[in-house]
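The values are calculated or read from the model by the stated rules, or taken from the named source; none is laboratory data. Just so it is clear, the structure is predicted and the values come from calculations on it, not from any experiment. Please note: Cβ atoms are built from the backbone with ideal geometry, for glycine as well, and neighbour counts cover all protein chains shown. Heads up: the accessible areas ignore ligands, DNA and RNA and are worked out on the full protein's heavy atoms, side chains in. Shrake-Rupley method; radii C 1.70, N 1.55, O 1.52, S 1.80 Å.
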Amino acid sequence: MTLRICVSILPKNNAEALGLIEKAENAKADLIEVRLDCLEESRNLKHLVKSTKLPLIATNKLKTEHGFFSGTETDRQRTLLNAAKSGFEYVDVDYSSSKRSETVAKIKNLNVKPIISYHKFDGILTVSAMEKILDEQIASEASICKIVLTAKQIEDNLPILSFVSFASAKAKLVCFCMGEHGKTSRLLSPAFGAYFTFASLEQESETASGQMNISEMRTAYSLLGIKH
């Protein structure tokens, strides 16, 4: 079992991005998600790729997805393709995007791995609904399938972790709950087979609800006797 933690950063400019990438490396992140929705200069990102040996994930969230990007869907996909051309290892494509198939095909042509991500901000799904989404993500040639839900109570984590325990045999899967009540599945999903989970770099730099920082996660794994 390999526990991987992806640190998510939300830089406003390239200088800040370079500094945050260095901090994530020092914090022993396994991957780094670079949120591009606030980045002022996103046309050429090669210097970010050259600054680290860690895999970088390019993500660009619209305001309707609790992100900050205010451009059109076409603008968003152009930014993601620029990241792919710059050498990012992964590019996150939203499951609901009208340009999903087109963008995934272009990303794969650049030998970059697509992550197809599904988010639900108002609750969880049944296991059968998650299986349907996962099957569609696999059919769309996702290198990593991401299904992120929102826990309204701590019990909501249980079916999610159960789903991860068997569905991770079908694909590289990232699946957990957001929100304060979702911390259990955020923390434990890799122990149940998820390919990685997300953390913030430090306190008050969270990029999603319920996110723990990487130091807290590593401390929790040690206290639980989980090797990482």
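Please quote Rg/Rh for the stretch 43-107 to two decimal places, taking the Kirkwood radius as Rh and restricting both calculations to Cα atoms. Each step should come with its number before you reach the end.
Numbers: Rg = 11.8 Å, Rh = 12.2 Å.
With Rh from the inverse mean 1/r over Cα pairs, Rg/Rh is 0.96.
For the stretch 121-189, the per residue solvent-accessible surface stands at 42 Å², with DNA, RNA and ligands left out and a 1.4 Å probe. The GluC sites (Glu not before Pro) of the stretch 125-228 meeting both criteria, a DSSP state outside H, G, I, E and B (loop) and at most 10 other C-beta atoms within 10 angstrom of the site's C-beta, are GLU204. Translational diffusion of the stretch 145-185, estimated by Stokes-Einstein from the Kirkwood radius over alpha carbon pairs at 4 °C in a medium of 1.567 mPa s, is 129 µm² per second.
Taking VAL112, VAL49 and ordering them by how much accessible surface each has at a 1.4 Å probe, largest first, produces VAL49, VAL112.
With kT/(6 pi eta Rh) evaluated at 20 °C and eta = 1.002 mPa s, and Rh the Kirkwood radius from Cα pairs, the chain diffuses with a coefficient of 123 µm²/s according to Stokes-Einstein.
Per the Debye calculation on the stretch 19-62 with a single equal scatterer at every Cα and no solvent contribution, log₁₀ I(q)/I(0) for q = 0.19, 0.20, 0.25 Å⁻¹ amounts to -0.58, -0.64, -0.96.
The portion of the accessible surface of the chain made up by carbon and sulfur, rounded to a whole percent, is 51 (1.4 Å probe; DNA, RNA and ligands excluded).
By definition, a body whose alpha carbon gyration tensor gives a ≥ b ≥ c is rounded when a/c is under 1.5, and the stretch 1-122 falls into this rounded group.
Classify the stretch 114-221 as rounded, prolate or oblate from the Cα gyration tensor: take a ≥ b ≥ c as the square roots of its eigenvalues, call it rounded if a/c is under 1.5, otherwise prolate when a/b beats b/c and oblate if not. The shape class here is prolate. Structure remark: mean-square fluctuation, Gaussian network model of the chain, C-alpha springs under 10 Å; the largest value among LEU45, LEU81, LEU173 belongs to LEU45. Charge dipole (Cα centre; +1 on Lys/Arg Cβ, -1 on Asp/Glu Cβ; no other charges) of the chain amounts to roughly 620 debye. Bridging of LYS132 to lysines at a Cα separation below 28 Å is possible for LYS61, LYS63, LYS99, LYS106, LYS108, LYS113, LYS120, LYS146, LYS152, LYS170, LYS172, LYS183, once same-chain residues fewer than 8 apart are set aside. In this Cβ point-charge picture (+1 for Lys and Arg, -1 for Asp and Glu), the stretch 141-228 has a dipole of about 360 debye about its Cα centre. Computed over the stretch 84-144, the convex hull of the alpha-carbon atoms projects to a mean area of 4.4 nm².
Considering the chain as a Gaussian network with a 10 Å cut-off on Cα pairs, which listed residue, PHE198, PHE68, PHE88, attains the greatest mean-square fluctuation? Result: PHE68 has the largest fluctuation of those listed.
The GLN153 and GLU73 beta-carbon pair, evaluated with R₀ = 22 Å, returns a calculated FRET efficiency of approximately 0.05.
Per-residue ellipticity at 222 nm, computed for the chain from helices alone with -39500 (n - 2.57) per DSSP H run of at least four residues, works out to -10500 deg cm²/dmol.
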